[in-house]
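Participant: Got a structure for you, questions after.
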Amino acid sequence: MKILVVSDTHGRYDKFLKHINKEKFDAIFHLGDYVEDGEYISKKLDIQSTIIMGNGDYGKNYNEDEIIEINGKKIFLTHGHIYNVRFGVSNLYYRGKELGVDLVLFGHTHIPINVKENGIRIMNPGSPSFPRGRDIKYTYGIVSIEKEIKTEIIELE
């Protein structure tokens, strides 16, 4: 299964949609901040989505966290703001450990990260619209799940 992972689109997704239109995905995970964008992208690409509410999505009817199981692998999805991710991923790591997940996906910081800590993969796809950090690259993520989980950060050209 090949999953498109995106976060923090903030109403700007045209360049992103042009870039990903070349690829086929089985599902989309939109990790918040403008859930409407997740709905639009899902509809435009005609694929199933799981959308998480971010700190910029108050009043929306979405969860702040989700746990999904695919091919025997447990995935924890969150925007990240309620776990203080601006100060690091420790809270996410321990929450993931507590939940017994294989993969934690989060957004909020607009900074891509793809690390593995004691058996738990932690990934933030960054932002295809408003990147932050010292590299300032427009990014999104891809998760492939077969027997193992593979994650990668993709830069927009």
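Laboratory data are not the source of any read-out in this text; all were calculated from the coordinates shown. A quick note: this is a predicted structure, and the numbers were derived from the prediction, not measured. Every residue, glycine as well, gets a Cβ built from its backbone with ideal geometry; the counts of neighbours run over all protein chains shown.
Participant: I need a count of the residues in the stretch 105-132 that are closer than 22 Å to His10 by Cβ and of a type outside the set (Ser, Thr, Tyr). Steps first, answer last, please.
Facilitator: First, the residues of the stretch 105-132 that are closer than 22 Å to His10 by Cβ: 105-114, 123-132.
So of that shortlist, the ones also of a type outside the set (Ser, Thr, Tyr) come out as 105-108, 110-114, 123-126, 128, 130-132.
Residues flagged as closer than 22 Å to His10 by Cβ and of a type outside the set (Ser, Thr, Tyr) within the stretch 105-132 amount to 17.
Participant: Any residue at all in the stretch 74-90 that is under 23 Å from Glu23 (Cα atoms) and surrounded by 20 or more Cβ atoms within 10 Å (Cβ to Cβ)?
Facilitator: Scanning the stretch 74-90 turns up at least one residue that is under 23 Å from Glu23 (Cα atoms) and surrounded by 20 or more Cβ atoms within 10 Å (Cβ to Cβ).
Participant: Residues in the stretch 32-45 that are farther than 13 Å from Ser129 by Cβ and either among the hydrophobic types (A, V, I, L, M, F, W, C) or touching a Lys or Arg at 6+ places or on another chain (Cβ under 8 Å) (or both): how many?
Facilitator: Count: 2.
Participant: Where in the stretch 32-132 are there strands (runs of 3 or more DSSP E), lying fully within it, with 3 or more residues that are touching a residue at least 40 places away in the same chain (Cβ under 8 Å)?
Facilitator: Details: elements: 48-51, 65-70, 73-78, 103-105, 113-117, 120-124.
Here the list reads 73-78.
Participant: Report yes if some residue within the stretch 2-25 is assigned to a helix (DSSP H, G or I) and of a type in the set (Asp, Glu); otherwise report no.
Facilitator: Of the residues in the stretch 2-25, the ones assigned to a helix (DSSP H, G or I) are 14-20.
Narrowing further to those that are of a type in the set (Asp, Glu): 14.
Checked against the condition, which is being assigned to a helix (DSSP H, G or I) and of a type in the set (Asp, Glu), the stretch 2-25 yields at least one hit.
Participant: Sticking with this structure for a sec: Please go through the stretch 1-46 and pick out each residue that is among the basic types (Lys, Arg) and in contact with a Phe, Trp or Tyr (Cβ under 8 Å, 6 or more places away or on another chain). Quick ask: steps written out before the conclusion?
Facilitator: If we filter the stretch 1-46 for residues that are among the basic types (Lys, Arg), which is where we start, we get 2, 12, 15, 18, 22, 24, 43-44.
Across the stretch 1-46, the qualifying residues are Lys2, Arg12, Lys15.
Participant: Also, quick follow-up: Working only within the stretch 37-75, note down all residues that are hydrophobic (A, V, I, L, M, F, W, C) and over 15 Å from the mean Cα position of the chain (by Cα).
Facilitator: Leu45, Ile47, Ile70 - these are the residues of the stretch 37-75 that are hydrophobic (A, V, I, L, M, F, W, C) and over 15 Å from the mean Cα position of the chain (by Cα).
Participant: For Lys97, indicate whether it is surrounded by fewer than 19 Cβ atoms within 10 Å (Cβ to Cβ) and either of a type in the set (Asp, Glu) or over 17 Å from Thr78 (Cα atoms) (or both). Give the steps one after another, and end with the answer.
Facilitator: Numbers: surrounded by fewer than 19 Cβ atoms within 10 Å (Cβ to Cβ): yes; either of a type in the set (Asp, Glu) or over 17 Å from Thr78 (Cα atoms) (or both): no.
No, not satisfied.
Participant: Can you name the condition, by its number, that Gly80 falls short on among (1) under 24 Å from Gly133 (Cβ atoms); (2) touching a Lys or Arg at 6+ places or on another chain (Cβ under 8 Å); (3) not hydrophobic (A, V, I, L, M, F, W, C)?
Facilitator: Status for Gly80: all satisfied but (2).
Participant: So, one more: Condition check: within 13 Å of the chain's Cα centre (by Cα) and more than 23 Å from Ile145 (Cα to Cα). Does Val6 satisfy that?
Facilitator: Working: within 13 Å of the chain's Cα centre (by Cα): yes; more than 23 Å from Ile145 (Cα to Cα): no.
No.
Participant: Next question. Quick check on my filter: what residues within the stretch 101-132 are hydroxyl-bearing (Ser, Thr, Tyr) and surrounded by 24 or more Cβ atoms within 10 Å (Cβ to Cβ)?
Facilitator: Selection gives Ser127 alone.
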